[in-house]
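**Student:** Please see the structure below; I have some questions.
None of the figures in this text is laboratory data; all of them are computed from the coordinates on show. Please read all numbers here as calculations on a predicted model, not as lab measurements. No Cβ is skipped: glycine too gets one built from the backbone with ideal geometry, and neighbour counts run over all protein chains shown.
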Amino acid sequence: MTPILMLGAGRMGGAMLAGWRKAGAFAASDLMIRDPNPGQAAAQLGAEGAQLNPADADLARARTVVLAVKPQLWREAAAETVSWLSEDAVIVSVAAGVKSADISREFGGRPVARVMPTTAAAIGQGTASLYADDPAALSRARALFEPLGAVVDLADENLMHAATAVSGSAPAYLYAFIEALEAAGVTAGLKPKDAAGLARSTITGAAALLAEGGEEPSELRRQVTSPGGTTQAALDVLLTEPSLQTLLREAVAAAVRRSKELGA
């Protein structure tokens, strides 16, 4: 599956590169990176032997092409590279909303796998939703993302919109929640530094307990909620309409709509 050609080394592409480097998943010499402004992860790998911004003729060496440019730029990236690629190259796309058939067409009919990853791939704790109707392409995508965290195979490409909304975009939901919790702590009288420390360590600790304990979130919630206590008083606010569940359902629906728009 190597050499691997990374088209775009921005936030997501850079996270993948950092995760591969951390895991020792691929030799730097097996990586080719195309980006006009490569970030830190790309620069580090370049110093270790990766090929930064290779010449067009060198692209024929690539056996796996990771399409990691912004969704609005993917056609341009395809047009610039397709004529130089080997016929047996496989395309693995992380471009949100862009359909496999469209990507395959622009890349000369080559097999395509679609992936919706998260940036925690940089530390080996990412989550990636995978879809491909070509078994070889699916296998290639799994080989790329299993070193970076958890992977979930989707049975239907249409489910990529939901996966984008529930997983790909979800880290931002959590960060927004933590921002709001810190601000609420300051309003309640805490110093900003103390509010930040309490909120962040509590959230990361709760997430670690969820990951390692194997219990359902609903059960963990019940364990820390005493009837008539302070937690119950707070949940009475969060679960009153418009409740947290309602807001998240609407947020996920909005992300699904936007994902479909990007792929139109």
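**Student:** Quick one: work out the % antiparallel among DSSP beta bridges in the stretch 1-151, nearest 5. Spell out each step's value before the answer.
**Tutor:** Values: 3 of 23 bridges.
Just about 15 percent of them are antiparallel.
**Student:** Something else now. So how much slack lies between residue 202 and residue 29, counting 0.36 nm per residue of separation and subtracting their Cα-Cα distance, in nm? Let's see the in-between values first.
**Tutor:** Details: separation 173, 0.36 × 173 = 62.28 nm, distance 4.10 nm.
Result: 58.2 nm gained on full extension.
**Student:** Compute a Gaussian network model of the chain, connecting alpha carbons closer than 10 Å, and tell me which residue from 137, 113, 101 fluctuates the most.
**Tutor:** Ranking 137, 113, 101 by mean-square fluctuation puts 101 first.
**Student:** Here is a follow-up. Please find, in a Gaussian network model of the chain (springs between Cα atoms separated by less than 10 Å), the residue of 218, 104, 169 whose mean-square fluctuation is greatest.
**Tutor:** Largest GNM mean-square fluctuation: 218.
**Student:** Quick one: which residues, 5 or more positions from residue 93 or on another chain, have an amide H under 5 Å from its amide H? H modelled 1.01 Å from N in the peptide plane, none for Pro or chain starts.
**Tutor:** Amide H to amide H, under 5 Å and 5 or more residues apart or across chains, residue 93 pairs with 67, 113, 114, 115.
**Student:** Given a 10 angstrom Cα cut-off, can you work out which residue in 110, 221, 34 is the most mobile in a GNM of the chain?
**Tutor:** Answer for the Gaussian network model of the chain: 221.
**Student:** Could I ask something else about it? Return the whole-Å distance between the Cα centroid of the stretch 177-201 and the Cα centroid of the stretch 1-76.
**Tutor:** Centre-to-centre distance over Cα atoms comes out at 38 Å.
**Student:** Can you bin the stretch 1-130 into rounded, prolate or oblate? Criterion: square roots of the alpha carbon gyration tensor eigenvalues sorted a ≥ b ≥ c, rounded for a/c under 1.5, prolate for a/b above b/c, oblate for the rest. Walk me through the numbers before you get to the answer.
**Tutor:** Working: a/c = 1.65, a/b = 1.19, b/c = 1.38.
Verdict is oblate for the stretch 1-130.
**Student:** Between the helical axis of 244-262 and the dominant principal axis of the chain, each derived from Cα atoms, what acute angle in degrees is found, rounded to the nearest 10?
**Tutor:** With both axes taken from Cα atoms, the answer is about 20 degrees.
**Student:** Points 7 angstrom from Cα along the Cβ direction at residue 82 and residue 239: gap in nanometres?
**Tutor:** For residue 82 paired with residue 239, the spin-label model returns 5.3 nm.
**Student:** Another question, if that's okay. Using DSSP, restrict attention to beta bridges with both residues in the chain and report what percent are antiparallel, rounded to the nearest 5. Please report the intermediate quantities before stating the final value.
**Tutor:** Working: 3 of 25 bridges.
The answer is about 10 percent antiparallel.
**Student:** Something else now. Based on the Cβ-Cβ distance from residue 191 to residue 260, what FRET efficiency comes out when R0 is 45 Å, to the nearest 0.05?
**Tutor:** Numbers: r = 44 Å, r/R0 = 0.98.
Efficiency, from the Cβ-Cβ distance: 0.55.
**Student:** For residue 60 paired with residue 48, estimate the spin-label separation in nm (one decimal), with each label point 7 Å from Cα along the Cα-to-Cβ line.
**Tutor:** Modelled inter-label distance: 3.0 nm.
**Student:** Against the longest principal axis of the chain, how steep is helix 135-145, in degrees 0 to 90 to the nearest 10, with axes from Cα atoms?
**Tutor:** Value to nearest ten degrees: 60.
**Student:** Indicate the gyration tensor shape class of the chain (rounded, prolate or oblate), computed on the Cα atoms with a ≥ b ≥ c the square roots of the eigenvalues: a/c under 1.5 is rounded; otherwise a/b larger than b/c is prolate and the rest oblate. Please list the in-between numbers first.
**Tutor:** Values: a/c = 2.41, a/b = 1.89, b/c = 1.28.
In terms of gyration-tensor shape, prolate.
**Student:** With only alpha-carbon atoms in the gyration tensor, what are the semi-axes of the equivalent ellipsoid for the stretch 170-262, in Å, largest first? Let's see the in-between values first.
**Tutor:** Values: eigenvalues 116, 68, 51 Å².
Sorted largest first and rounded, they come to 24, 18, 16 Å.
**Student:** Just add up the charged neighbours of residue 222: K/R +1, D/E -1, any other residue whose Cβ is under 15 Å from the Cβ of residue 222.
**Tutor:** Working: positive: 221; negative: 215, 216, 219, 236.
Charge balance near residue 222 sits at -3.
**Student:** Report the label-to-label distance for residue 230 and residue 178 in nanometres (one decimal), using points 7 Å from each Cα along the Cα→Cβ vector.
**Tutor:** Output for this residue pair reads 2.2 nm.
**Student:** Further question on the same structure: At 0.36 nm per residue, minus the direct Cα-Cα distance, what do residue 22 and residue 218 gain on full extension? Give it in nm, one decimal, please.
**Tutor:** Details: separation 196, 0.36 × 196 = 70.56 nm, distance 3.42 nm.
Taking 0.36 nm per residue and subtracting the Cα distance, the gain is 67.1 nm.
**Student:** Shifting gears a bit: Find the lysine pairs in the chain meeting two conditions, Cα atoms under 28 Å apart and a separation of 8 or more places or different chains, and report how many there are. Walk me through the numbers before you get to the answer.
**Tutor:** Details: 22/70; 70/99; 70/260; 99/260.
Going through the chain pair by pair, I get 4.
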